[in-house]
Amino acid sequence: MPFLQNVWYMAAWEEELAAGSTIGRTIVDRQVVLWRDADGTPSALLDRCPHRLVPLHKGDVKDGALVCGYHGLGFDPAGKCVINPHGRPTESLCVPSFPCVIEHEIVWIWIGDPARASRSEIPDLSFIGGSPRHGISRGYMPTAAAHQLLTDNILDLSHADYLHPDTLGGGSISRSKPVVSRGAGHSLRVSWTALDEEPLPIMRPNLGCDRADMWTDVLWYPNGVMVLSITAAPAGTDPETGIKTVNAHIMTPETDTQTHYFYCNSRNFRTDDEEYNNQRAAALRRAFELEDKPIVEAQQRSLGNRNFMEMRPALLPIDAGSVAARRIYGALLTEQMDTLFAVRSASSFI
Amino acid sequence: MPFLQNVWYMAAWEEELAAGSTIGRTIVDRQVVLWRDADGTPSALLDRCPHRLVPLHKGDVKDGALVCGYHGLGFDPAGKCVINPHGRPTESLCVPSFPCVIEHEIVWIWIGDPARASRSEIPDLSFIGGSPRHGISRGYMPTAAAHQLLTDNILDLSHADYLHPDTLGGGSISRSKPVVSRGAGHSLRVSWTALDEEPLPIMRPNLGCDRADMWTDVLWYPNGVMVLSITAAPAGTDPETGIKTVNAHIMTPETDTQTHYFYCNSRNFRTDDEEYNNQRAAALRRAFELEDKPIVEAQQRSLGNRNFMEMRPALLPIDAGSVAARRIYGALLTEQMDTLFAVRSASSFI
Amino acid sequence: MPFLQNVWYMAAWEEELAAGSTIGRTIVDRQVVLWRDADGTPSALLDRCPHRLVPLHKGDVKDGALVCGYHGLGFDPAGKCVINPHGRPTESLCVPSFPCVIEHEIVWIWIGDPARASRSEIPDLSFIGGSPRHGISRGYMPTAAAHQLLTDNILDLSHADYLHPDTLGGGSISRSKPVVSRGAGHSLRVSWTALDEEPLPIMRPNLGCDRADMWTDVLWYPNGVMVLSITAAPAGTDPETGIKTVNAHIMTPETDTQTHYFYCNSRNFRTDDEEYNNQRAAALRRAFELEDKPIVEAQQRSLGNRNFMEMRPALLPIDAGSVAARRIYGALLTEQMDTLFAVRSASSFI
């Protein structure tokens, strides 16, 4: 399956990439090296020295250049060779580079046409930077499954009632119906309204009641970014006085069957309670690593190299969000191929 | 290589599948889930939920249904959807099912045409149920080799003289000649008669003599079931007063190069001696796991994906049994393909 | 990629193959068993019993024969079946054999035309046998990379300045230029002269000075044998009074992407100091295992199944030696194929 090229992909949490360090990571089938200068500026290059083709992430950052660990060639953020201990730095020694920025504490990379890389296209994740230190946690979970199986998982939250019954389930999502609507740009929104329902187990202690009203909302972007918000209040009370969590689930494709799963959870209650924050982070990590990851990886093994839709699954009303998202993604892929074709046709007249 | 479809395959020891539990296992290339209701009734379904294609063995058995762990769809033993928390259970939500029965403390599955699945075709392994508790032991050893390499191993017991010299060897099998004959149905019998010979090391303490008469017999069935019996008595004495072991070696194909090896060993002496039974079980397990398994897996690696007979092995008289068994298996495969062709031809006239 | 056939390949260190023992090893894609008789005579056979195709290295050496561990067939050094407990040893039971000799404490094997296997073609490694016991160390490091990537590594020693800065680097090799010349036969010599330079860190304590003259020399043979010599003396003094190390780096192809890396290090100083010898051996092993092996294996993963030169690497003057060696190797491969073609054409007239 091809991937969208002209989008910002999350490549890493900012905290993974300290100043002066490197990370080698495959993003939509491209091996890239992410690195930061001593002053923290992020850069991304093809992770392959043009000389002996070894991965550059095994090298070191020195004086604003990424220096190959095998024979000492050094490259600037644009991929230009600026150090060659064995002769002159020449044109033939350059490395492909990719636009790379840090925003919302995330390192973003743009694999496609650099001319189209506008910072304004990064989805709004400002809740991350705006959260108090003990009101947020984050993680990274590499997962052996196609990115769409993982976005499907979030676009249909009814799975929580069966897969996470003791933390995020309870039945309220299955009992309400998902409402799907288009958001700004190519985004998509799936919403569930559950009134006078059993609160999610993880929220019950903080709500202090047995019946709650809950509004759940997932905002999906074609680059695999999803923002999941839950507002909950004792049944019949003003939602403005309720509790709220805002979460990011970000699925960056690595290969056809491997995905970088980044997640982040924030809330508006007990935000100065470090101990509670750690407990909550651990509970969520357990749910993701011991419940979501095994079942989605088993789903991928069941598919093998076959595409999910080719297997003619028996889809249900709960799949409305994931079906709509796949349609948008497919249309954008078609548009991307048309553009490539137009560019090639035009250039054939030159 | 294709596999026989219209036979009962051993899928598990009954004790592996407690009431209310599930096992996911691949049998002749089909992923199946075995499960038992609270009352112990066994069932087998394709191990793939029709909704999101996740393995059903990760689900739970509830009220006579197997409930998927991802979104709560439930299926009865016939594969009919009987629980759908998200709408009506419809026809499109059914799962293929397979005949599944328990007999002789074994869970059997029939992958082929259900109309032909008759319980009477299960080979007679009544010695298993008839053995005193401390006169029998059993095991399961998944092995990375084609099922026919493993049946070959039992059909030519001369290997014991070289591979198991301290337990099951001694040279007597190599010195006698195998006699091959057809049994009932498509079964095959290989027999060795060793008179006035060195007893097998594992039998010597119980025979209490240096020379013995031994009658060894392997009964093979095309579904991979083999019954191996050894009767031994001090040389020249009445075999009726001797000691006897009856063993099952059951090779259920998983894939072309992976086999479920189930085994079971019973005897008619010291049958109330738990300590001796445990020692004997451990000695046999060591022989299988540390001697048979490594050499047969090395044989498979040596073959790679090539078929054994295509490699033009230099066969010896000791291979008479395995050659005859391969011939029966091949003829049954041809018959199976002819039937498939006849069915297809007939249906093309409709 | 094809491999040269008519050369002696190092198959093992002599000390790996004790009298009466066996080793199974793949050499240029052939699975062979090396074994030695009780008197120490080495032999090499195809590692596959003709009967059931199991690896012969799992068998035992008895009375001058290699006896298969599965059914007791025995073979002499020429591969002729001399033991068959199940009938007569016949022609059809023979195993292909390969010329195999021990020279310079190394077991050598000849995979190609046996008529061309002359002992005189083994490269001169007499320094190994001539070294005092505590003046030499050796090792074996299986490496997941093509043999040519590993020979490239030694033919361009400038890598030591970046990959081994604390032991074998220092910058002197990068600052001098490699001089490439043809040696006897199809051998190749690469030499570096570094005058009034920083000594290699590992040599500095033994030189006792801050500036040194160093002469470094690599002699390469098409069978993957390389002899690396370094002579070092305080700057401006007589090299004859300096210290010297002679090292073998031997790369025997296993498969296209896997290589047997054998190495050996000797020196002319502190040769009766066992403790120093052990420290030095450990330091070199660390450099090879923790620095060379990871980067060359990462280089191979970066290439995948593609050939290095097809990737159009940007070669530098430091690559002069490896380019020249690849040219010789390529010419010998072409010659080998021409010979095969001539043989086939001639035989087609018979």
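The values are calculated or read from the model by the stated rules, or taken from the named source; none is laboratory data. This one's a predicted model, so the numbers in the text were calculated from it and none came from an experiment. Cβ placement follows ideal geometry from the backbone for every residue including glycine, while neighbour counts extend to all protein chains displayed. The protein model used for the area step is the full one, side chains on, heavy atoms only, and it has no ligands, DNA or RNA in it. Shrake-Rupley method; radii C 1.70, N 1.55, O 1.52, S 1.80 Å.
Take residue B:173 and tell me if it is surrounded by 21 or more Cβ atoms within 10 Å (Cβ to Cβ) and among the β-branched types (Val, Ile, Thr). Walk me through how you get there before you give the answer.
Working: surrounded by 21 or more Cβ atoms within 10 Å (Cβ to Cβ): yes; among the β-branched types (Val, Ile, Thr): yes.
So residue B:173 passes the test.
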Exercise for the section: Would you mention how many residues in region A:1-54 are among the charged types (D, E, K, R), over 25 Å from residue A:124 (Cα atoms) and touching a residue at least 60 places away in the same chain (Cβ under 8 Å)? Expected result: 2
Practice task
Scan region B:64-114 for residues that are farther than 16 Å from residue B:45 by Cβ, charged (D, E, K, R) and touching a strand residue (DSSP E or B) at 6+ places or on another chain (Cβ under 8 Å) and jot them down.
Solution key: B:105
Handout entry: The one condition in (1) farther than 30 Å from residue C:146 by Cβ; (2) of a type in the set (Ser, Thr, Tyr); (3) touching a Phe, Trp or Tyr at 6+ places or on another chain (Cβ under 9 Å) that residue C:22 fails to fulfil
Key = (1)
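Would you confirm whether any residue within region C:60-74 is in contact with a Pro (Cβ under 7 Å, 6 or more places away or on another chain) and in the same structural domain as residue C:23 (by TED's automatic domain parsing)? Spell out the reasoning first.
Keep residues of region C:60-74 that are in contact with a Pro (Cβ under 7 Å, 6 or more places away or on another chain), which gives C:72.
Okay, now just the ones that are also in the same structural domain as residue C:23 (by TED's automatic domain parsing), so C:72.
Scanning region C:60-74 turns up at least one residue that is in contact with a Pro (Cβ under 7 Å, 6 or more places away or on another chain) and in the same structural domain as residue C:23 (by TED's automatic domain parsing).
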Fill in the blank from the handout: How many residues of region C:239-270 are open to solvent by 40 Å² or more (accessible area, probe 1.4 Å) and either assigned by TED's automatic domain parsing to the domain that holds residue C:26 or farther than 19 Å from residue C:224 by Cα (or both)? The answer is 6
Completion exercise
Going through region C:9-32 in order, the residues found to be over 12 Å from residue C:57 (Cα atoms) and open to solvent by 30 Å² or more (accessible area, probe 1.4 Å) are C:14, C:15, C:16, C:18, C:19, C:29, C:30
Practice task
Please work out which one of (1) assigned to a helix (DSSP H, G or I); (2) touching a Cys at 6+ places or on another chain (Cβ under 7 Å) is the condition residue C:138 fails and give its number.
Solution key: (1)
Problem - Near pairs, Cβ below 6 angstrom, 6+ apart or cross-chain, from region B:78-106 (farther than 21 Å from residue A:312 by Cβ and within 11 Å of chain A (Cβ to nearest Cβ)) to any residue that is open to solvent by 60 Å² or more (accessible area, probe 1.4 Å) and assigned to a strand (DSSP E or B) - result: none
Practice task
Could you tell me whether any residue of region B:146-164 is outside any helix (DSSP H, G or I), more than 15 Å from residue B:216 (Cα to Cα) and open to solvent by 30 Å² or more (accessible area, probe 1.4 Å)?
Solution key: no
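Hand me the list of strands (runs of 3 or more DSSP E) wholly inside region A:33-117 holding 3 or more residues that are modelled with pLDDT of 95 or more, open to solvent by less than 20 Å² (accessible area, probe 1.4 Å) and within 30 Å of residue A:131 (Cα to Cα). Let's see the steps before the verdict.
Values: elements: A:42-46, A:60-62, A:65-67, A:81-83, A:100-103, A:106-110.
Counting at least 3 such residues, we get A:106-110.
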Problem - Output for region B:271-295, where each listed residue is buried (at least 17 other Cβ atoms within 10 Å of the Cβ) and not hydrophobic (A, V, I, L, M, F, W, C) - result: B:276, B:277, B:280, B:291, B:292, B:293
Exercise for the section: Have a look at B:169, B:139 and point out the one that is in contact with a Lys or Arg (Cβ under 7 Å, 6 or more places away or on another chain) and either without any contact (Cβ under 8 Å) to a residue 12 or more places away in the chain or not assigned by TED's automatic domain parsing to the domain that holds residue B:25 (or both). Expected result: B:139
Exercise for the section: Kindly check whether there is at least one residue in region A:57-66 that is in contact with a Cys (Cβ under 7 Å, 6 or more places away or on another chain), at the interface with chain C (Cβ under 10 Å from one of its Cβ atoms), under 15 Å from residue C:299 (Cα atoms) and in contact (Cβ under 8 Å) with a residue 24 or more places away in the chain. Expected result: yes
